[in-house]
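Every read-out reported here was derived from the displayed coordinates using simple, explicitly stated rules and does not represent laboratory data. Since the model is a prediction, treat every value here as computed from it, not as a measurement.
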Amino acid sequence: EVVRHLEAAEQPVQLASQRLGIETHLVIAGESAQATLDAIPEDTEAIYIGPFFKWSDDEMQILVDGINAQDLPSYAGGGVKWVERGALATMETEEDEIRRMRRAAIFVQRIYSRSRLSNGRCSSSTWRPPKRSGPGHALRSWPKRE
């Protein structure tokens, strides 16, 4: 199911790339790094490494080493750890990764808070947001609207 959605998402990327005179191919990570490396077309000139969730660190290292052995420039959307493994570039910094994790934690907290409201632990008719006061409130309300 996921693969079908990835292939559908490839079509807009291909159309946008064609406008720039670039041909793209989606290579879905196989069971191993070697299987994935074998699936890369021979005429490939560069690689974008997308997110990986199912491989060990050792397997991801094999992938990067294999890409580098073919002298292919690689861009990793997954952050600094890929560059530390040997990918050529990324646009994410360590601060971006921390910010993304904080954002995920806030989303989890919001989901948890909503579930508490809906399961009877806290009635939405009696729950009120805390009153805002002190210097933090002044910062959150800046600039004042007239």
Can you tell me the length gained on complete extension of the stretch ARG103 to GLN61, counting 0.36 nm per residue apart and subtracting the Cα distance? 12.3 nm
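On a full-extension model of 0.36 nm per residue, what is the gain between SER113 and ASP71, subtracting their alpha-carbon distance, rounded to one decimal in nm?
10.1 nm
Gain in length, SER17 to MET91, computed as 0.36 nm per residue apart minus the alpha-carbon separation, to one decimal in nm?
24.7 nm
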